[in-house]
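The structure appears right after this line, and notes come after that.
The values are calculated or read from the model by the stated rules, or taken from the named source; none is laboratory data. Remember, it's a predicted structure, so these values are computed and weren't measured experimentally. Every residue, glycine among them, receives a Cβ derived from its backbone with ideal geometry; neighbour counts consider all protein chains shown. Ligands, DNA and RNA are stripped out before the accessible areas are found, and what is left, the full protein with its side chains, is counted by its heavy atoms. Shrake-Rupley method; radii C 1.70, N 1.55, O 1.52, S 1.80 Å.
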Amino acid sequence: MSKPVIHYFPIRGRAEVLRLAIVASGDDFDTVDVNYSEQKGDREKYPFGQCPRLVDGDLDLVQSNTIARYLARKYNLQGKTEKEICTVDMIMEGVESLRVKYVNLIYNDQLAEAAKEAYWKTYFDKETTTGRNGGAHIVYIANFLAKNGGQYCAGDSLTIADLCLWDILDLHLRIFPDHIQEAYPELVKFHSEIAELPGIKEYLAGPKRLAEPNANKLG
């Protein structure tokens, strides 16, 4: 059986959760670097002019969260009950809200110190959860983990929600390591434990884990 093929830039970016889902399930993947002109011009392969793109057998998919949900179904990472499945979906949307803010910090604000301070205060400071934040705050996501006992976000086994949370934490630990360690030790513990899971541990230490999280080499 052929491996799933991820078409993306040579960065972690929005494809990292997809890679994690595949390796956490004991599978492997191939990669193809995206041709930017093709991505913008070929509406058969790239209907929205964006990547990542996943080719898995006769399936050819785009839109990162669509691909993530497909992989969750394929590898039984979507949750076991309707309640768990819905919780997973909510967490994925919460992570997406935060990711949009993160992308703005990286690409538009270029990690300027003043922007980093404002970002932390708006989206990570425990005292600002009632403020205007567009539905993006790490506490909102962390509450799901805490209510479920702290090991997994939903149910008693790994789901795609855990991988989404792990990835967004991984990105922010590169920027705010001391702040997160002090304010959210339970999230640091979660991050460390997920990183030790079979498949994920080997991937993180192996050659397929790309060095750069973002295209502008920031973050």
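The table below gives the values:
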quantity	calculated
Flag if GLU16 is of a type in the set (Asp, Glu) and within 23 Å of ASN216 (Cα to Cα)	yes
Some residue of segment 40-49 being assigned to a helix (DSSP H, G or I) and exposed (fewer than 15 other Cβ atoms within 10 Å of the Cβ)	yes
Selection status of LYS80, among the charged types (D, E, K, R), in a loop (DSSP other than H, G, I, E, B), open to solvent by 60 Å² or more (accessible area, probe 1.4 Å) and in contact with a strand residue (DSSP E or B) (Cβ under 8 Å, 6 or more places away or on another chain)	no
Qualifying residue in segment 63-79 (condition: in contact with a helix residue (DSSP H, G or I) (Cβ under 9 Å, 6 or more places away or on another chain), β-branched (Val, Ile, Thr) and within 26 Å of GLY135 (Cα to Cα))	yes
Enumeration of residues in segment 104-127 that are open to solvent by 50 Å² or more (accessible area, probe 1.4 Å) and of a type in the set (A, V, I, L, M, F, W, C)	ALA114, ALA118
Residue among LEU145, LEU158 that alone is in contact with a Cys (Cβ under 8 Å, 6 or more places away or on another chain), surrounded by 12 or more Cβ atoms within 10 Å (Cβ to Cβ) and under 17 Å from MET90 (Cα atoms)	LEU145
Filtered residue count, segment 1-17, keeping only those that are buried (at least 22 other Cβ atoms within 10 Å of the Cβ) and under 19 Å from VAL95 (Cα atoms)	3
